[in-house]
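The values are calculated or read from the model by the stated rules, or taken from the named source; none is laboratory data. Keep in mind the model is a prediction, meaning the values are calculated, not measured. We place every Cβ from the backbone using ideal geometry, glycine too, and count neighbours over all the protein chains shown.
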Amino acid sequence: MSVILVVDDDAPTREALATGLKKLGHEIHSAATGAAALDEVRRHEVDLAIIDLKLPDMVGTELFGALRILRPEAIAIMISGHATVDEAVSALKRGIYDFITKDFRMGELRKVVSKALETQKLLVENERLRQALKERSASGRMMGRSAAFLKIMQTVTQIAPMKSTVLLSGESGVGKELIADAIHHQSPRRTRPLVKLNCGALPEGLIESELFGHEKGAFTGAIQQRKGRFELADGGSIFLDEISVMPVATQV
């Protein structure tokens, strides 16, 4: 059963719509103004809204925009008794599922509503699968069901949105780099670079240049400007692997 919201300032039209759509077996709510409609959206998980183009306090497309903010997965059908072609086209471009005039037949409207709800369910399912794939990719190549593993992944989810530096400790082979991948891909920085650097593989004399870069002519052999790993990671994340192998002075 889906939740349908009927929004129309004309009481007879609103009541006729609500009565006719109840035969589909869905939960029906109604409102006479945009503000009242938003109150209904806050109280109920609306799947489909049937919105009059001209409301007393706002245009129907404005209400649709607010609806999508409160309930992104909701879908809408616009109705009007005197709409122009331009208004209909504009509504459809904004993401309205369909635009119908008030001389509709209830049987045809029910068909449109049923198709709209099928589309809405597909959109919700698609988003669910997308999130599942996102979470799966965020975990990288890691799989596990143990309490310790699940606790680590819970910690990753909690700290990923933060901007704080994260210390990953553990002997070689436990998967610190995979955890770094998971943190980055669950963070707001996921669209920016994840730069990895094995600190233990850098010659002592080149560590600072590799990390922070150098200007052309800064030292013998510096024939051009070189960006450091920190600059390359700007806006993203940097993973300093084997940092304990670096000289203590450089670690500081």
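Quick notes on this structure:
- Matching residues, the stretch 102-112, being of a type in the set (D, E, K, R) and either outside any helix (DSSP H, G or I) or touching a residue at least 60 places away in the same chain (Cβ under 8 Å) (or both): LYS102, ASP103, ARG105, ARG110
- Of the candidates SER146, SER80, the single residue that is modelled with pLDDT of 80 or more and either farther than 28 Å from GLU62 by Cβ or among the charged types (D, E, K, R) (or both) is SER146.
- Selection over the stretch 74-85 of residues that are more than 18 Å from LEU55 (Cα to Cα) and either surrounded by fewer than 16 Cβ atoms within 10 Å (Cβ to Cβ) or touching a His at 6+ places or on another chain (Cβ under 6 Å) (or both) gives a count of 1.
A quick yes/no check of all residues on (1) assigned to a helix (DSSP H, G or I); (2) of a type outside the set (Asp, Glu); (3) over 22 Å from the mean Cα position of the chain (by Cα):
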position	(1), (2), (3)
GLU40	yes, no, yes
ILE51	no, yes, yes
PRO56	no, yes, yes
ARG68	yes, yes, no
LEU92	yes, yes, yes
GLY95	no, yes, no
ILE100	no, yes, yes
SER114	yes, yes, yes
LYS121	yes, yes, no
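- For the residues MET143, MET153, the requirement of being loosely packed, with under 12 Cβ neighbours inside 10 Å and not assigned by TED's automatic domain parsing to the domain that holds ALA233 singles out MET143.
- Within the stretch 33-72, considering residues that are in contact with a Leu (Cβ under 8 Å, 6 or more places away or on another chain) and of a type in the set (Gly, Ala, Ser), the one farthest from ARG110 (Cα to Cα): ALA66
- Within the stretch 204-243, the set of residues being at pLDDT 85 or above, part of a helix (DSSP H, G or I) and among the hydroxyl-bearing types (Ser, Thr, Tyr) is empty.
- Whichever residue in the stretch 222-239 is of a type in the set (D, E, K, R) and surrounded by 15 or more Cβ atoms within 10 Å (Cβ to Cβ) and, among such residues, is farthest from SER164 (Cα to Cα): ARG226
- Candidate set from the stretch 8-29 (those that are outside any loop (DSSP other than H, G, I, E, B) and among the acidic types (Asp, Glu)); member that is surrounded by the fewest Cβ atoms within 10 Å (Cβ to Cβ): GLU15
- Criterion violated by MET58 - all others in (1) more than 18 Å from THR101 (Cα to Cα); (2) modelled with pLDDT of 90 or more; (3) not basic (Lys, Arg) satisfied: (2)
- Boolean, PRO72 is modelled with pLDDT of 90 or more and in a loop (DSSP other than H, G, I, E, B): no
- If you go through the stretch 201-221 and keep only what is surrounded by 13 or more Cβ atoms within 10 Å (Cβ to Cβ) and of a type in the set (A, V, I, L, M), you end up with LEU202, ILE207, LEU211.
- Taking the conditions (1) surrounded by 13 or more Cβ atoms within 10 Å (Cβ to Cβ); (2) part of a loop (DSSP other than H, G, I, E, B); (3) not aromatic (Phe, Trp, Tyr) in turn, THR191 satisfies each one other than (1).
- Meets criteria (surrounded by fewer than 20 Cβ atoms within 10 Å (Cβ to Cβ), at pLDDT 90 or above and farther than 21 Å from LYS115 by Cα) for ALA66: no
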